[in-house]
Amino acid sequence: MKYKDSIYNPDFIRNSSHKKKHTRSMKAVSKIGTGATYIILVVISFIWLIPFVYLLLQSFAVKFEPEYFIPREFTFNNYVQLFTDTTYPFWKWYLNSFIIAVVTTVFQTILVLLTAYSLSRLRFKGRQAIMNLILILGMFPGFLGMICIYNILKLFCGGNEPSIFSIIIIYCANSAMSYYIAKGFFDTIPKSLDEAVRIDGGNNNTVFWKVIVPMSKPIIIYTILISFTTPWGDFMLASMLAGLKTSNWTVAVGLQTIINTIGNETKMFPFFCAGGVVVSIPIMALFFWLQKYYVEGIAGGAVKG
Amino acid sequence: MTKVEYLSMSKPLRILYKIGSFFKSIPLAIWKFLKKIPFVILKLLRKATIPFITLKDALVYGDWKVRLSFLVCGFGEFTRKQVVRGVLVLLLQICFTVYFSVFGWKMLANLADLGYIASAEVPINTPPYTRNFYLDNSLLILLYSIVTIIFALIMIYLWYNSIRNSYVLYKNEQIGKEASDKEYLASYVGKKYQNILLSVPMVGLVLFTIIPMIFMILIGFTNYTSDRLTPIKLFDWVGLQTYANLFASKVSNSNLIIQSFLHVITWTLIWAFFATFTNYFLGMVVAMLINKKTIKLKKLWRTILVTTIAVPQFVSLLLISRMFDESYGVVNEILKSLGLIKKSIAFLSTFPITNIVIIVVNIWIGIPYTMLICTGILMNIPEDLYESAKIDGASPFKMYMKITLPYMLFITGPYLISQFVGNINNFNVIYLLSKGGPNFTFKPGVTVPTQLTGLGRSDLLITWIYKMTITNNPKDYASGSVMGICIFVIVAFLSLILYNRSSSVKNEEDFQ
């Protein structure tokens, strides 16, 4: 390197035009970079939104024609059909899904919080054993056990298909398995608060209600959100427990059957799309409303494992 | 070798040295492990003898009340003013005795052969003049045997606990300490609060997860299929026959099963690897793009991506499976109208294409999750790290490799592992997109084992189990159970290795 261009030359440093030129070129580069980033982001958004645009457009289609992205004729009949169709009682499925999701949410939230609180805050013999047990149980494919439960429930129902009540029981009974994220959150609440309450004469119960619950609003909302959306979108368990009686199905099972029944591919596609839109709307609304808490929940869960 | 010598080696040499030292350390590690075993066994034995010593002490040194509580649970307690506790244990003992003598012992007696006669036709006077009486039911026998054994174990534990407590009460009485119900009940709000809190979740776990799980593992040693559905028919223990049917090459045609099994397991691992890492890295890149200081409308970009999470997965996956359809798919039509292809591509029913499409669609699904997780963490990386790197003249790529990536891996290591394990069991993406297709094709004339019915080239182990036990006819529960155990072995093995590695990372505390 020549002395003239090096920083050891006082003139080089003093020469401000050099510096300006440098920053200007840097700015140009970063401008191109920003432009490229915008282009990438627009492309990404396009890719991410296009299926949903397609879903929305096709839900208004009079007839499904694969060669047209935007249907040629629009109608509102598909939505009306959702509530009038007799072979596929969509509103019944919708009601089933809703009942299952609401009841599960209530019980699951309580159970998850109780488990997480006792495993995070209380120290007792067998605590580590319970945590290890849950870890190992989580490694088994859970639905294997469901086969057994299904057959047993069927036996108790006298050979009939079990009702949606059985699905609720199963979702709720397994809720202790998903305590991790709430526990991770409770671990971060300082213990000195517990001690302060205890000095004032409080017991474990007061600690839970006066310290943990008021401080864990985000994680409680996260748990509620997750326990509402999971049964709403679950396909595997629901399809196993659904059986042949269409009035017992949830929306997930129903829509899957509609789309995969041979002969329905084109005929029922707009119906399916309308159903998909109606199913997605409450979840989407809930989600965007509570997005902040969801992010906190999964980010916290990812960090603490 | 000293550290200086190690550092002076070139990179490939270092790796060779590490591999060499790994193998060198194996014998020592095994020796250490073997040396530990006797001590561990001794320790366990010592622990196991404690209850017996307590029981002996209670029997020998206790008074008649303590001795009577060997037979009548809780006697020592309700005669020493812990009425509630004593009565509760006594009630449980009565329940258990009644249950066992009326019902439980029959089930346990039948456990060895799972019933003799399933049903019998008995003539009756009114039409249709015969009636089926169901007698033995293998399913119920097996189930109630498990329930009885678990109930018995719990009872034994409570029995032991009650004797120990009676003995303690007796000793306290000797030194003039009085017990009371109040004190006992108060302990459930204080020291034993977890017993109240955890009782409901644990009962749920035992009834609906643990018992079914034990049941399904045992089913793997029977010949239970939907052809033998109870109560009309019985099933029976067959030992390791189901395992042999699947994995022993001597049994006819199980070579086909082994080949398909290897295919499925390879694809499962490849899938889990790609699904995890493509999502992770691309999601991180997207998060970094959005996080750039010069980018505006950050919230908008994020919200657009989050739509995928907000829409239930089965809706978007079924829709996409329709869009990629061979004859009615919009993707094919668009590609045709653009002139890129002439004939429709069977995206979801050609062997390698399907698997690639599944991974790509999974990227579409998974990026938003990673993006959300990474956003917060990326913002927490100390800015001075980047500034000092810039002063040293590091390129953006180098900064990413040396600062961003290690930091992210450090923080999100456990998440990455749980993602990997979760993807092994990712049912939704595979089943709703391709249903596991395209199916395996076999040479004509070969008798295909029933376990392979409907098995496709994009099936994971979990979807294979689903097909075996839900959609196929007959439903082969025994083979499903064996496959389930396979999944357990794989998942347990992987998580053991990965968690051990990540905890070593955790201990370094590089960024704290």
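Only the coordinates and a few stated rules stand behind these numbers; no lab work does. Here the structure is a predicted model, which is why all the values come from computation and not from measurement. Neighbour counts are summed over all protein chains in view; Cβ atoms, including those assigned to glycine, are modelled from backbone coordinates with ideal geometry.
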Residue order, fewest to most beta carbons within 10 Å, for B:42, B:198: B:42, B:198
FRET efficiency, residue B:297 to residue A:193 (Cβ-Cβ, R0 56 Å, nearest 0.05): 0.90
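Explain nothing, just the number: dipole magnitude of the protein assembly as shown about its Cα centre with +1 on each Lys and Arg Cβ and -1 on each Asp and Glu Cβ, in debye rounded to the nearest 20. Provide the component values of the computation, followed by the final result.
Details: 74 positive and 39 negative charges, 543 e Å.
That gives a dipole near 2600 debye.
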Taking all pairs of distinct alpha-carbon atoms in the stretch B:270-320, Kirkwood radius in angstrom: 12.7
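As an exercise, take the mean of 1/r over every pair of distinct alpha carbons in the stretch A:119-276, invert it, and state the Kirkwood radius in angstroms. It would help to have the intermediate numbers written out before the result.
Values: mean 1/r = 0.0521 Å⁻¹.
By the Kirkwood definition, the hydrodynamic radius is 19.2 Å.
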Label-to-label distance, nm, for residues given as residue B:281 and residue B:48 (7 Å Cα→Cβ offset): 5.1
√(5λ) per eigenvalue of the Cα gyration tensor, the stretch A:212-285, largest first, Å: 32, 15, 7
Spin-label pair residue B:172/residue B:160, simplified geometry with 7 Å Cα→Cβ offset, distance in nm: 2.2
Calculated over the protein assembly as shown: convex hull of Cα atoms, volume per residue (Å³): 279
Extended-chain gain in nm, criterion 0.36 nm per residue less alpha-carbon gap, residue B:87 and residue B:121: 7.6 nm
Whole-angstrom Cα spans of the stretch B:18-172 along principal axes, big to small: 81, 61, 23
Simple Cβ-charge dipole of chain B, Lys/Arg +1 and Asp/Glu -1, about Cα centre, in debye nearest 20: 1060
Highest-first arrangement of A:133-145, B:52-64, where packing means the average Cβ count within 10 Å: A:133-145, B:52-64
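Hull surface divided by four, with the convex hull built on the Cα atoms of chain B: how many nm²? Numbers along the way, then the final one.
On the way: hull surface 169.4 nm².
About 42.3 nm², averaged over all directions.
Which of rounded, prolate, oblate describes the stretch A:99-175, given a ≥ b ≥ c as roots of the alpha-carbon gyration tensor eigenvalues and a/c under 1.5 marking rounded, otherwise prolate only if a/b is larger than b/c?
Cα axes put the stretch A:99-175 in the oblate bin.
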Reachable lysines from residue B:36, criterion Cα separation under 19 angstrom, eight or more residues apart if same chain: B:47
Proxy reagent accessibility, fewest Cβ within 10 Å first, across A:62, A:279: A:62, A:279
Theoretical ellipticity at 222 nm over chain B - DSSP helices of four or more residues, -39500 (n - 2.57) apiece, nearest 500: -22000 deg cm²/dmol
Residue among B:464, B:93, B:188 farthest towards the positive dipole end of the protein assembly as shown, charges placed on Cβ: B:188
Estimated 222 nm signal from helices in chain A, with DSSP H stretches of n ≥ 4 weighted -39500 (n - 2.57), rounded to 500: -22500 deg cm²/dmol
Order by protection proxy (mean Cβ within 10 Å, highest first), peptides A:207-215, B:316-324: B:316-324, A:207-215
For peptides B:206-217, A:261-272, sequence by mean Cβ density within 10 Å, most packed first: B:206-217, A:261-272
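Would you mind ranking B:344, B:479, B:69 so that the residue whose beta carbon has the fewest other beta carbons within 10 Å leads the list?
Numbers: B:344 17, B:479 26, B:69 29.
Arranged by neighbour count, lowest to highest, B:344, B:479, B:69 become B:344, B:479, B:69.
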Estimated inter-spin distance, residue A:289 and residue A:129, nm [label 7 Å along Cα→Cβ]: 4.4
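Can you tell me the alpha carbon radius of gyration of the stretch B:364-474 divided by the globular rule-of-thumb value 2.2 N^0.38 Å?
Working: Rg = 22.5 Å, N = 111, 2.2 N^0.38 = 13.2 Å.
That ratio works out to 1.71.
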Neighbour count of at most 11 Cβ within 10 Å plus DSSP loop: longest GluC sites (Glu not before Pro)-free window in chain B: B:179-508
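Using 28 Å as the Cα-Cα cut-off, could you pick out the over-long pairs in A:125/A:191; B:65/B:106; B:443/B:475; B:293/B:390? Write down the numbers at each step before the final one.
Values: A:125/A:191 20 Å; B:65/B:106 33 Å; B:443/B:475 24 Å; B:293/B:390 16 Å.
Result: B:65/B:106 exceed 28 Å.
Averaged across the residues of A:257-266, what count of C-beta atoms belonging to other chains lies within 10 Å of each residue's C-beta?
Working: counts 0, 1, 6, 5, 0, 0, 0, 0, 5, 2.
Across A:257-266, the average partner-chain Cβ count within 10 Å equals 2.
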Shielding by other protein chains, B:298-311, mean Cβ within 10 Å: 6
Exercise: per-residue mean of other protein chain Cβ atoms within 10 Å, A:41-48: 5
